[in-house]
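Here's the structure, in structure tokens; my notes come after.
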Amino acid sequence: MSLKARLLAILGVTLTVTWSLAAAWLWWDLNDEVERTLDRRLAQSANMVAGLMARLPEGAWVADETQRASVVAPLEGVACQVTSAQGEVLARTHADMAAILDVSQPGYAYRQREGEDWRVYTLIRDGVTITTADRVTERRSLMRDILAVVVVPFAMALVISGGVLWWGTRHALRPLERWREALSRRHHDDLSPVADTGLPRELRPLIVTLNELLARMRAAIRREQRFTDAAAHELRTPLTAVKTHLQVARRVEGDAVLEAVSHAEQGAARLATTLDQLLALARIEGARAQQETGGASVADIVRSAVRDTQASARIDVPATLPDARVGVPLELAATALRNILDNALKHGPAETPVTLNVAQATHEVSDDTRVELRVHDQGPGVSDEAIAHVTERFWRRSATSGSGLGLAITAAIAERAGGELQFHRPQCGGFEVCLMLPQV
């Protein structure tokens, strides 16, 4: 169901129920009020007749029964009878309504004659009984007329309100319809921000959210384009080297063949390493890292990362490690630490060790406990300008044999896990990388 139809349905039903309840309440109250008014009219008529009877002189009703009964002219739908204390009928409007008008108990009552209902009121004063009655059919006819007077305006008001509601809903949603049409006419490559001019204030948060989504999509597309271009360039270099060395191996003989094949194997190994890192980076950035139940222990992370490095003997590992766990799967945490260690081993002097320190600290902003994995090498360090680029994909400080993806993968893992990657230049020299992961 469309938003317009939903609004019309909700508001229409609400309006109809509200008007109907108001009309029903008004009709019920009006019906009771009319009944009470007509009953009071009967009582007033009886009291008026009683007052007239009290003013008549004695002997005024000495005529025979026929004469007394003809004194009062009959009226349609209304009847009256006056009876003396001895039970003689002094006056009446209808001679054939004795069953209706012969009432000895004072007050209101309903009587029926020939299938017609009558409302009767009896008054006894000074020994004289006055009975007045009116036909219920006239009352019901009056109520039908009143009902028509009540229902017709309500029905007209309901119809007019429904029309105004339909027009107002359509007019209120017209900016949204224009916005939808403008979006449908856009080119599929157009990710520019959506203008909120002319739109209601309630839709502006939606526009802001949509523009933020479009901005993230633009950034992701640009990032993927740069990634694709850089990946194509990086993969082309080792492939070209492998192809060249294999061609050389086909044309030479002796030790030159072995040397060419060795270079080709090195190029193939570099290509395999680059592909593995590309796949790891795509897997990490494709979906947020899933946290294992309980995370991974710091000891397992350090042990796995040191074992898989290029020169584990050069790494100075603490004798004791904190008995803590981080909220990151073991494979991802070990990969992040291994990339930092490999980078330190590669750029530090071959004869100097790489120091690994592990500590627990409280984050200043979030106030949660984190595990800090600090790797310090004795290399020449990195300038402030270069630090801003070390986590960029395929960025290399020099023409080394690396792929430029190690620290980019580590930064991606730290970001997905809610951690942080920091770089420092200690006063004692060298370069230090700090990987902070949330503790569980």
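Near L373: Cβ cut-off under 12 Å, other residues only, Lys/Arg at +1 and Asp/Glu at -1. The net charge is 0. Between the amide H of G379 and those of F431, distances stay under 5 Å, these residues lying 5 or more places away or on another chain, with hydrogens modeled in the peptide plane. Here r is the Cβ-Cβ distance between Q360 and R174 and R0 is 60 Å; the resulting FRET efficiency, rounded to 0.05, is 0.50. Amide H to amide H, with H built 1.01 Å from N, R92 comes under 5 Å of V71, V72, V82, counting only residues 5 or more places away or on other chains.
Distance from a point 7 Å along Cα→Cβ of E114 to each backbone N in region 121-136: keep the residues under 15 Å and list them by number. The answer is 135-136, whose backbone nitrogens lie closer than 15 Å to the label point. Between A195 and D32, the contour length at 0.36 nm per residue exceeds the alpha carbon distance by 52.6 nm.
Every Cα-Cα pair in region 131-255 was counted, and those over 22 Å apart are 71% of them.
Subtracting the Cα-Cα distance of E202 and T240 from their residue separation scaled by 0.36 nm leaves 7.9 nm. The peptide list 109-118, 187-196, put in order of mean Cβ contacts within 10 Å with the highest first, becomes 109-118, 187-196. Electrostatic bookkeeping for L26 treats Lys and Arg as +1 and Asp and Glu as -1; over the other residues with beta carbon under 13 Å from its beta carbon, the sum is -3. Between V17 and V149, the C-beta separation translates, for a Förster distance of 30 Å, into a calculated FRET efficiency of about 0.85. To the nearest Å, what is the center-to-center distance of region 141-168 and region 1-58, using C-alpha atoms only? Distance between centres, Cα-based: 16 Å.
If I stretch the segment between L210 and S262 completely, what's the gain in nm (0.36 nm per residue apart, minus their alpha carbon distance), one decimal?
13.3 nm
Calculated FRET efficiency, V317 to M217, Cβ-Cβ distance, R0 = 51 Å: about 0.70 to the nearest 0.05. For the peptides 123-134, 85-96, residues were scored by their other Cβ atoms within 10 Å and the scores averaged per peptide; the highest-first order is 123-134, 85-96.
Semi-axes of the equivalent ellipsoid for region 103-179, computed as √(5λ) from the eigenvalues of its C-alpha gyration tensor and ordered from largest down, come to 57, 12, 8 Å.
Taken together, the values in this text are just the output of simple stated rules run on the coordinates, not laboratory data. Since we're looking at a predicted model, the values are computed, not measured. A quick note on method: Cβ atoms are made from the backbone with ideal geometry, for glycine too, and the neighbour counts reach across all protein chains shown.
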